[in-house]
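Input: a single structure, listed below in structure tokens.
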Amino acid sequence: MGWVEQRGKKFRLSFRYDGRMFRHSLGVETQKEADESLALVERNLRLLEEGVLDLPRGANLPLFLLSGGKLTAKPEVVDVVTLGGLVNLYLGAHSGAQESNTIYTARIHANHLKKSLGADFAVQNLATSDLQGHVDRRAKAKGRGGKPLSPTTIKKEIASLSGIWSWAVRMGHVTGPFPNKGLVYPKTSEKPPFQTRAEIEEQLKRGGLKDDEKRELWNSLFLTLPEVAEFLGYVQETARHDWIYPMFCFAAHTGARRSEILRSRIADFDFQAKSVLIREKKRVKGRRTTRRVPLSAFLAKVMREWFDAHPGGVYSICQPLKIFKSRKSRADYVPVTVDESNHHFNATIAGSKWEVIPGWHCFRHSFASNCAARGVDQRLINAWLGHQTEEMARRYAHLIPNVAKTALDSVFE
């Protein structure tokens, strides 16, 4: 009924059925395996002729016989969407559309997830138990300085994956809801309220604080208005490049984020209307929005003088094409980069009394805190800062003149 031929290192099965010749390459390596395949085909051919097996219309006869009547066609290989592949698709689709810091953070979170679940993890099979396993593993991991990871950080990683999942559903890469319902996270502590330097130093004097608790305290630092003025005076005298002083002034007098400052343009400053347009990317997902912040007389003066000496181009904060005492040169006027702004921030405060300032965000906190302490309406603060979280508002709420406290004090007079 049939026979096997060897061609090189491959074996081919041939047989006749219903007056037709059929040939099929066998995925075997030895004569013994080829003979066994032939015997299987001949046995199933007899069952087919006896009516025990029923050949479906359009079926692949050799596959049908070799599988004992189970396969009617070559199995279709379905592309499995892996976690690593999905992350690459997501980052590629969103680079340029989202804030560079957002993409950077999503990439970091995704790297932790790939390390935990595996880059080849089949995303469609993701279950709540997989996510809970990630949460539990990350809860035992150590972060910066050897301290345990914050539950907030772990939640942000899951939130990043949830965002990737939602996009993947819209794109047809996966189906179904994100399986995060019922996840159990480690207990979290509310961040301390924003505090002055004097308040933080008073707590440090008492002693008994761990290193991570000290860092958390300094991360809650806000500068008072006299401290802001003193600090800006220090920067004006010590800054290594002309753009550094106006950038610090911009941050301190508007509460703008570092990325918003670097993205700003000269045309955004309306000196006649005494306001500056802030170009946002975070307030409305998927849309570039703007907000206006009043220009203080001080900031207007600083920026006018800076623009008079500006090296060129449209961006508010940029460097000359040829940087003094540097091998760097540029073909066009581009904004100062994130790395450059961070480097010069640290270089400016290094070795001074101001090196306790944790980063550019301290000036955003200081702006909000000082506005609250001066009794500025919360709605105005929200409008000036843009996309402000409820958690951040709680951290300076104690500075707002408290009507309830005044009322209670009157009871016990």
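Every number here is computed from the coordinates shown, using simple stated rules; none is lab data. Keep in mind the model is a prediction, meaning the values are calculated, not measured. Backbone-built Cβ (ideal geometry, glycine too); neighbour counts: all protein chains shown.
The distance separating the Cα centre of the stretch 261-320 from that of the stretch 153-227 comes to 29 Å. The alpha-carbon atoms of the stretch 152-217 define a convex hull whose volume equals 118 cubic angstrom per residue.
If the reach is capped at under 17 angstrom between alpha carbons, list the aspartates and glutamates near Lys205, excluding any in the same chain fewer than eight residues apart. List returned: Glu213, Glu216.
What's the extension gain from Ser162 to Thr290 if we count 0.36 nm per residue and subtract their Cα-Cα distance?
Extra length available between Ser162 and Thr290 comes to 43.4 nm.
Length gained on full extension, Asp332 to Glu49, computed as 0.36 nm times the residue gap minus the Cα-Cα distance: 93.9 nm. Is any residue of the stretch 146-185 close enough, with backbone N under 11 Å, to a label point placed 7 angstrom from the Cα of Leu89 along the Cα-Cβ axis, and if so, which? Only 165, 167-175 pass the distance filter. On a 25 Å Cα-Cα criterion, which of the cross-link pairs Lys140/Lys187; Lys140/Lys281; Lys156/Lys187; Lys142/Lys214; Lys115/Lys210; Lys191/Lys274 come out too long? Check vs 25 Å cut-off fails for Lys140/Lys281; Lys115/Lys210; Lys191/Lys274. Using every pair of separate Cα atoms, the Kirkwood estimate puts the hydrodynamic radius of the stretch 2-66 at 12.2 angstrom. Pairwise alpha-carbon distances in the stretch 197-403 exceed 32 Å for 19% of all pairs.
Given the stretch 118-253, what whole percent of its Cα pairs are spread farther than 27 Å? Roughly 50 percent, rounded to a whole number.
Report D for the stretch 203-288 in µm² per second (integer): Stokes-Einstein, Kirkwood Rh on Cα pairs, 25 °C, 0.890 mPa s. Let's see the in-between values first.
Values: Rh = 15.9 Å.
Approximately 155 µm²/s, per Stokes-Einstein.
Under the definition of Cα pairs under 8 Å and six or more residues apart, what whole-number percent is the relative contact order of the chain? Before the final figure, lay out the partial values.
Working: 473 pairs, mean separation 44.2, N = 413.
Computed value for the chain: 11 percent relative contact order.
Over all directions, the projected convex hull of the C-alpha atoms in the stretch 83-171 averages 5.8 nm² in area.
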